[in-house]
Structure formats: structure tokens, C-alpha cells
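To start, the structure under review is shown below, and the notes come after it.
The values are calculated or read from the model by the stated rules, or taken from the named source; none is laboratory data. Predicted model, so just to flag it, every value in this text is computed and none were measured. Don't worry about glycine lacking a Cβ; one is built from the backbone with ideal geometry, like all the others, and counts go over all protein chains shown. Surface areas here come from the heavy atoms of the whole protein model, side chains and all, with no ligands, DNA or RNA. Shrake-Rupley method; radii C 1.70, N 1.55, O 1.52, S 1.80 Å.
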Amino acid sequence: MFRSNNITARLFERQIHTPAPGTTVHRARRFYENIVPGSTIYDVECPDHSFRKFTEDGKYLISFSRNHQDLIVYRPTWLSFSCKQEDCETQDLPVKAKKFESFFTQLYSVPLATASELICKDFFLYVETNQFGLFATSTAQIYDAPATGGAIQGVPSIEKITFHLLRLEDGAILDARVFCNDYINLAHSMGVFLFEDLLAIVSLRYQHIHILQIRDSGSLVDVRAIGEFCHEDDELFINSSAQTISNIDKSQSQHMPMNHAMNAPNLEPPAQENPFLSGIKQRLLSFIVRGIRNEETDETMRIQSLKKKFYFHFQDYVDLIIWKVQFLDRHHLLIKFGSVDGAVSRNADNHPAFFAVYNMESTEIIAFYQMSSDELYMLFEQFCDHFHVPSKNTPYMNFISSHSNNIHALEQLRSSKNKATSFSLFVKKVMASLPFNCQSQSPSPYFDQSLFRFDEKLISAADRHRQSTDHPIKFILRRPPHTLKFKIKPGPEAGITDCRTKRISSFLFHPVLPLALSVQQTLFLQPAFVNIHFRR
């Protein structure tokens, strides 16, 4: 499919790497306006799998078995059949061509989960440089687990979470990393972020950010852990200080008067919890204090400001926990803080949150924003692409439309801003999406808003399920004459007969080819309706 003599591959390479003089790279994709997935095979015969997504380079289709035990990987191919008629375009496809196997070839099936574990079907990250895939399996959640060993009260526990690193070329398991009695948000990869060869894993239960490196050999190597400690020698320093304090206490007890020592009850000292705040919390509080102090030059006003803005909210700051993390580059993290209730809530948008930019090398907080910050919103509006951190190795990942690179997306954002009754509430709603989930958007050219217009309530580049509709989703040409180029209709061709049954749809678009899957399913364990949309 990607051989050098393949017409699609040659066209793509020409259009991406050698755009016409004076045009933008986005305009170079205009040949997709006439190469569209306008044909549909409804309810195609296919294995009863849970289809996850295409990899960013389009070489693999990832799916899982319905019992969430096995990984099944397919290679996208292209439909080929012979036609004896003069006008093949109007002829119906042969029966053999209407099967799933005509478009996809199964490469292998690998058992990932043990008897007590299940594959997290919403979790998958792709390391394109090495064609590695990162998958996750876990046991069931324990919602009322006691908070022991420094765990956060109110955060559930999972007995075992395992991350598996596979070479997708042959399905070989290269390495695995296990977290026991912890809680990592695996839904839509929310608790994990991949940037180049660096991996950030957020332990909600123990408030650690584990930074790992994925080596070319396929091994997962610890780089650092941020949370309780920031510098590598912080733990050694604190332990040595605690030992010094303990020795002083013992020395003082030995010099107590004899009668006082004899009358004292013979009890073991109670085990005390760590009296120190975590290293990342210390950094955060220090940054907030310095920021408030620097706002005022008069010492009296400075003290008043500290009382009002810091000491009054001190316990609220202390109670903040890390919700989510993403890389901004190899040295900086965007960290989202909030309450415990918001961290475990299904809808965290209604809970207050804060954002901090953390430098991993200097271990300093260099910026701190409230969720309703005008300054952060302006940065987000102008430099949204910096929050997506696209791959440097995949040129078409840079085509994902945002209000920073697409005038139509910007107009849509500003229209929503103008319609909002409260600018502060609008900012909170927009900022709730940060940090973005890793690899959560499709680079398909059919979601390029410079090329096509479509209803984003029904379909978009975002990787998430949507309420299914009986009406076809229209993709209309953005340029004049604004003609309808193709339609995507999930579910059976005749529509849904039982309107009482709630159905959801997901859409898997190939990043390069005019090929897509629409999967419609009910909330019950019934077989899904899988349609294949392609160009004849």
C-alpha cells in the first residue's frame, strides 16, 4: 500500500513535501477534495471485535477481542476486484468484495490480559519512530480502599495495572511495567502522555508523576518521579534530617530528671505521618507566595494581600491534587490541579481547577493560572497547537485543524465566545479541555476545516463516542461552489427501527487513504453495526 510505485503514496509525498510556490501546506491537500470515501458497505461481515483506531501512520488497525483479553492487529489493504462490464462504476460490488477481509488483513492476535485482568479498550498510544504500541490491562477498581502508605483519601485503588510495550510489526511483547494498589486514569489515555520517547504516567492515588523513557531496544527505563520529591537527592536529604532530629530527641530524653523519667508511662511513641508537604506542593506554594509578594511594593499592602490571597486560601491550596499532566516539550510539563472530588468525578468540568507549568530540570513552577484566567485563554487561543505537541516525524499530524492554524475554526471559537452570556464561564468551559488527551485527534484530511465543512456535534477529529443519528453526516466542500462531496451514515442502511434503544457511534478514519469505519453499537453487549466507507 505504501510502496514507492503506489499512485496514492506518490501523490501524497508530492503534495505534502513539495507544495506549490506561494501556497500553504494545508492548501497542498486539496487533491483530497476529489478523492473522498463516497461509497459505503453497510453492516459488513467482520469479526466481533472492539475496533480502537488506526495508527498515526496508517499502517495498522488496532482492535481488541470482545472479552478484553486479546489484541488483534490488522494491516489496511485496498479493495481489488475484476469487472467484466463496460461501466464498472454503476455495477454492484461482488459478494466477496463486501467482506471485512477485502480491506484488512489480520497480522496476528496476542493475548495481553490474564484471567483477573482486562484490556483497557480506550487506551492505546503509538510510538511511530519504532512502530511500538503501548497498551494497558488492569483489574477491577476498589472504590472504598483505605488510604494507606501515603495514599490520597477518597481515590479508588486498582490492585494491578500493567502497561505492555509491543512491537506492532510482529506482536512481540518487549517490556512491561506494573503498578500495584494504585489508580491511573486509563480512560482515553487521560492519565498517560507520550512525547517523542518520553512517557508521563500520573498516579492519582499516590500523587506521583512517573517519567519513563522508551528506548529503541524496546525497554521502559525510569527517568524520574515527581511528586513527593523533585530532586533525585531530596529523599536522602529529608531522611538524614529526620535521623538528626531523632538523635536530638533521644539525647534530650537521656538528660531528663530521674524522677520524671520514672513517672512517665512506658509507651511506645505513636507512628507519625510525614509532617512535610510533598516536594511539588512546596514548589507550588512558594511560587504563589512570591507572586503575591511581588504584586505589591508597600510592605503593609503586601501583608494584607498575603492574608487575603494566600493565608485565607492556604488549606485549599494544600488540598489540591494532581489531576492530569501533559508535556509541553522535553523539559516542561503542564500540570492540572484540583480537588479530590473532581479527580474521581465523571464530569470534572464543574469543579474548580488550576494549571501550573513545571520545569523538570530546575524543579521549579514557572507559571500558575486559575481555570478562568484571561491570560491563559489568550495563550490558548493564539498558540493552541503548542498544547497538542504534534509528532515531528509525521508531517500530516500538523494538519489537525485548530483555531491557531485555521481561520474557520477561529471564527467558530469567536462566535461561541460572542454568544456566551458570561465570558468567565466561557473561558472555564474552554479551559476544561486542557491538558489535551494524548493522540486524541485524527489527522485525516477529511477533518481539515480548510477543505470540508461538517456538523461537529455529530462528527469531528476528536476521538470519542457520539450519540448516533439516523441522518447521514454531510461533508460539504468549503470552497465555492460548496457542493456536497460525500456522506457518512453509521448503522444499518434502512435506519434504526427501535427508536427507544440508545445507540452510540464511533468513527475511525485512515490518516491518509479515503477509507473510514463507522461503528454503531448499543449500550448492551449486542454485535455492532460496522460500515466501511471508501472510494471506488
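Rounded, prolate or oblate: which fits segment 409-457, taking a ≥ b ≥ c as square roots of the Cα gyration tensor eigenvalues, rounded meaning a/c under 1.5, else prolate when a/b beats b/c? Let's see the in-between values first.
Numbers: a/c = 3.27, a/b = 1.41, b/c = 2.33.
Taking the square roots of the gyration eigenvalues as a ≥ b ≥ c, segment 409-457 is oblate.
How would Trp78, Trp323 rank on accessible area, largest to smallest, probe 1.4 Å? Display every interim value, and only then the final one.
Working: Trp78 105, Trp323 30 Å².
Largest accessible area first, the list is Trp78, Trp323.
Leaving ligands, DNA and RNA out of it, rank Cys180, Cys230 by accessible area with a 1.4 Å probe, largest first. Walk me through the intermediate numbers first.
Values: Cys180 85, Cys230 10 Å².
From most accessible down to least: Cys180, Cys230.
Which whole-number percent is the relative contact order of segment 398-455 (Cα, under 8 Å, 6+ apart)?
Details: 31 pairs, mean separation 28.8, N = 58.
With pairs under 8 Å counted, the relative contact order is 50 percent.
With θ set to phi - 60°, apply the Karplus curve 6.51 cos²θ - 1.76 cosθ + 1.60 along segment 290-296 and write out the HN-Hα couplings as whole Hz, x wherever there is a Gly or Pro.
Coupling constants for segment 290-296: 4, x, 5, 4, 6, 6, 10 Hz.
Under 5 Å between amide hydrogens, which residues at least 5 positions from Tyr108 or on another chain qualify, with H placed 1.01 Å from N in the peptide plane?
The answer is Val73.
Just by accessible area at a 1.4 angstrom probe, what is the order of His471, His465, His482, His208 from largest to smallest? Present the calculation step by step, with values, prior to reporting the outcome.
Values: His471 130, His465 75, His482 100, His208 50 Å².
Solvent-accessible surface, decreasing: His471, His482, His465, His208.
With θ taken as phi - 60° and the coefficients 6.51, -1.76 and 1.60, list the Karplus ³J(HN,Hα) couplings across segment 355-362 in order, rounded to whole Hz; mark glycine and proline as x.
10, 10, 9, 10, 8, 5, 6, 8
Roughly what % of Cα-Cα distances in segment 70-209 sit above 27 Å, to the whole percent? Can you show the working numbers first?
On the way: 3852 of 9730 pairs.
Roughly 40 percent, rounded to a whole number.
Just check segment 300-377 against the gyration tensor rule for me: Cα atoms, a ≥ b ≥ c as the square roots of the eigenvalues, rounded for a/c under 1.5, and otherwise prolate or oblate depending on whether a/b exceeds b/c. Numbers along the way, then the final one.
On the way: a/c = 1.90, a/b = 1.19, b/c = 1.60.
Oblate, because a/c is 1.5 or more while a/b does not exceed b/c.
Binned at 5 Å from 0, what are the whole-percent values of the Cα-Cα distance distribution for segment 446-536, short to long?
Computed distribution, short to long bins: 3, 13, 24, 26, 18, 10, 5, 2, 0.
Given a 1.4 angstrom probe, what's the average accessible area per residue across segment 273-392, in square angstrom? All intermediate terms of the calculation are to be shown ahead of the outcome.
Values: 6610 Å² over 120 residues.
The answer is 55 Å² per residue.
Pull up the cross-link candidates among the aspartates and glutamates for Lys485, meaning alpha carbon to alpha carbon under 13 Å and not fewer than 8 places away within one chain.
Glu33
Work out from phi, with θ = phi - 60° and the Karplus expression 6.51 cos²θ - 1.76 cosθ + 1.60, the ³J(HN,Hα) of each residue of segment 369-376, listed in order in whole Hz, and give x for Gly and Pro.
These are the phi-based 3J(HN,Hα) values: 9, 7, 4, 9, 5, 5, 5, 5 Hz.
In a shell of Cβ-Cβ distance under 10 Å around Ser404, excluding Ser404 itself, what net charge do Lys and Arg (+1) and Asp and Glu (-1) give?
Working: positive: none; negative: Glu381, Asp385.
Local net charge: -2.
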